[in-house]
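The values are calculated or read from the model by the stated rules, or taken from the named source; none is laboratory data. Quick caveat, the model's predicted, so the values are computed rather than measured. Ideal geometry is used to build each Cβ from the backbone, glycine not excepted, and the neighbour counts take in all protein chains shown. Surface areas here come from the heavy atoms of the whole protein model, side chains and all, with no ligands, DNA or RNA. Shrake-Rupley method; radii C 1.70, N 1.55, O 1.52, S 1.80 Å.
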Amino acid sequence: MTTPSSEEIRALYQDAMVPTYNFSTPIMVRGEGSRLWDLDGREYLDFTTGISVCSLGHCHPAVSQAIARQASTLMHCSNLFCNLNAPRLAHELSQRGIQGKVFFANSGAEANEGMLKTARLWGSCHGGRHEVIVFQTSFHGRTLATLAATGQPIFRQGMEPDMPGFVTVPYNDLQAVEKAISPRTCAIFLEPVQAEGGVYPATRDFLQGLRRLCDEKGLLLLLDEVQTGMGRTGSFFCFQQYGIRPDAFSTAKALGNGIPLACFQLSRKLAELHKPGLTHGSTFGGNPLATAAGLAVVQAFDQEKVLENVMRQGQALRDGLEAMKARHKAIRDVRGMGLLLGIQLDDALPEATAKCREKGLLTLTAGKGVMRLLPSLKITSQEVQQALEIFDEAIPI
Ligand SMILES: *Cc1c(COP(=O)(O)O)cnc(C)c1O
């Protein structure tokens, strides 16, 4: 079979695909570790990892092998029959999480949606409360409920009426949260680091304050760890660095290292609210193929000292960027946690992004004027140095 040309693919894309994304070159054909190759054979250093999905690097050998083996054994049997992988992965995630119970879904939005349903179930047994406090500049997904929870109204313009039951307040503002609590409130829902919104970590005081508020007022603390989970910020889950425990949290992106896989984890008490065949479900969720990938991902964390590397390389990248800040006026701020970093570039962002790409480095954007970096959690010192050299040339003085 001959490889189609870039022009043929463009024509098919423009004719047959709903234009929710622009047709965007390069067309990628292969990945390995921190590297991607396009249709023309050009190599890129990938600081996007498919938006923090291929966090262990592209085509991680153990994950690819686990998928290949499972693909020729059993791919799917539905949740009407148990499989060998889902309960074992749930156990691993429970041990590394809040020792709770896990529900498997297929995407971040879907995991958040199930967690929000659980919050309503809980609220309806606790005085008929249903309101959830959410935050400006947050991002929780593209379904109707997760869009209503997302503090960026532009994404739901023209799709009104909004799903009711969400109250939006400023992030990192404990007093605003306190003021927004009413007899209808059942939960507070947030990302520990707002990622899409511009890479804003929660302050320690804020997250610990929210935990305290929830305990005092009898509310649930729900965390969206879809992007921050699975080692991205230097601990297995981000909340662990804040010394708090949520009542429930979601994770998705990196859970399957490229296979669609997501989950939410509930405290044991919350999990009891769910009733078989009634309160929630998913056809694909937790199928043997996806959970084989998840198990291989979790094993790689143990065997390959991934978290140590995130701390070491995250610090090296951050130190390099901080040093550059003194030389480049365009760099207004460097922030983030672990290997989820943002460079505030304001007007210089489009030029810097284009120049990085010209020089073979792929980066993301976030919020307003922010370059977002999500390299592989297994990135090497040499790759960090290579990226820093490219930033130095690409970011205006
Ligand atoms: C990506 C993301 C989502 C949505 O995940 P999908 O898999 O695209 O549905 C939700 N919350 C956060 C924090 C995310 O980064």
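Tally up the residues in region 269-295 that are assigned to a helix (DSSP H, G or I) and either touching a Ser or Thr at 6+ places or on another chain (Cβ under 8 Å) or away from the ligand (no atom under 16 Å from the Cβ) (or both), please.
8
Residue 144 passes all but one of (1) within 21 Å of residue 252 (Cα to Cα); (2) of a type outside the set (Lys, Arg); (3) crowded, with 23+ Cβ neighbours inside 10 Å; which number fails?
(3)
If you take the residues of region 243-268 that are buried (at least 21 other Cβ atoms within 10 Å of the Cβ) and more than 23 Å from residue 284 (Cβ to Cβ), which of them is farthest from the ligand (Cβ to nearest atom)?
For region 243-268, the residue satisfying everything is 247.
Step by step: first the residues of region 71-96, then only those that are under 19 Å from residue 237 (Cα atoms) and in contact with a helix residue (DSSP H, G or I) (Cβ under 9 Å, 6 or more places away or on another chain), then the one that is most open to solvent (accessible area, probe 1.4 Å). Which residue is that?
88
Going by what's in this entry, would residue 68 be described as farther than 29 Å from residue 243 by Cα and either surrounded by 21 or more Cβ atoms within 10 Å (Cβ to Cβ) or more than 16 Å from the ligand (Cβ to nearest atom) (or both)?
When the stated conditions are applied, residue 68 passes them.
Take the residues of region 116-141 that are among the hydrophobic types (A, V, I, L, M, F, W, C) and in contact with a Cys (Cβ under 7 Å, 6 or more places away or on another chain): which is surrounded by the most Cβ atoms within 10 Å (Cβ to Cβ)?
Per the stated criteria, the residue is 119.
Of everything in region 99-115 that's closer than 17 Å to residue 273 by Cβ and open to solvent by 10 Å² or more (accessible area, probe 1.4 Å), which residue is nearest to the ligand (Cβ to nearest atom)?
My answer is 113.
Output yes when any residue across region 172-186 is of a type outside the set (S, T, N, Q), buried (at least 17 other Cβ atoms within 10 Å of the Cβ) and touching a His at 6+ places or on another chain (Cβ under 8 Å), and no when none is.
Yes, region 172-186 contains a residue that is of a type outside the set (S, T, N, Q), buried (at least 17 other Cβ atoms within 10 Å of the Cβ) and touching a His at 6+ places or on another chain (Cβ under 8 Å).
Exactly one condition in (1) over 20 Å from residue 193 (Cβ atoms); (2) of a type in the set (A, V, I, L, M); (3) assigned to a helix (DSSP H, G or I) is false for residue 311; which is it?
(1)
Have a look at 275, 269, 305 and point out the one that is under 22 Å from the mean Cα position of the chain (by Cα), more than 19 Å from residue 47 (Cα to Cα) and of a type in the set (D, E, K, R).
One residue alone meets the criteria, 305.
List pairs: first residue in region 90-112 and over 22 Å from residue 53 (Cβ atoms), second residue away from the ligand (no atom under 16 Å from the Cβ) and open to solvent by 50 Å² or more (accessible area, probe 1.4 Å) anywhere in the structure, Cβ distance under 8 angstrom, at least six positions apart or on different chains.
94/101; 98/245; 99/268; 100/268; 101/268
Scanning region 201-232 for residues that are small (Gly, Ala, Ser) and away from the ligand (no atom under 16 Å from the Cβ), which turns out surrounded by the fewest Cβ atoms within 10 Å (Cβ to Cβ)?
Filtering first and then ranking leaves 218.
Taking residue 31 and the conditions (1) under 22 Å from residue 229 (Cβ atoms); (2) open to solvent by 40 Å² or more (accessible area, probe 1.4 Å); (3) touching a Phe, Trp or Tyr at 6+ places or on another chain (Cβ under 8 Å); (4) not polar (S, T, N, Q), which numbered condition does it fall short on, given that it satisfies the others?
The one condition residue 31 does not meet is (2).
Given the condition within 21 Å of the chain's Cα centre (by Cα) and touching a residue at least 12 places away in the same chain (Cβ under 8 Å), answer yes or no: does some residue in region 316-325 qualify?
Within region 316-325 (the criterion being within 21 Å of the chain's Cα centre (by Cα) and touching a residue at least 12 places away in the same chain (Cβ under 8 Å)), the answer is yes, since at least one residue qualifies.
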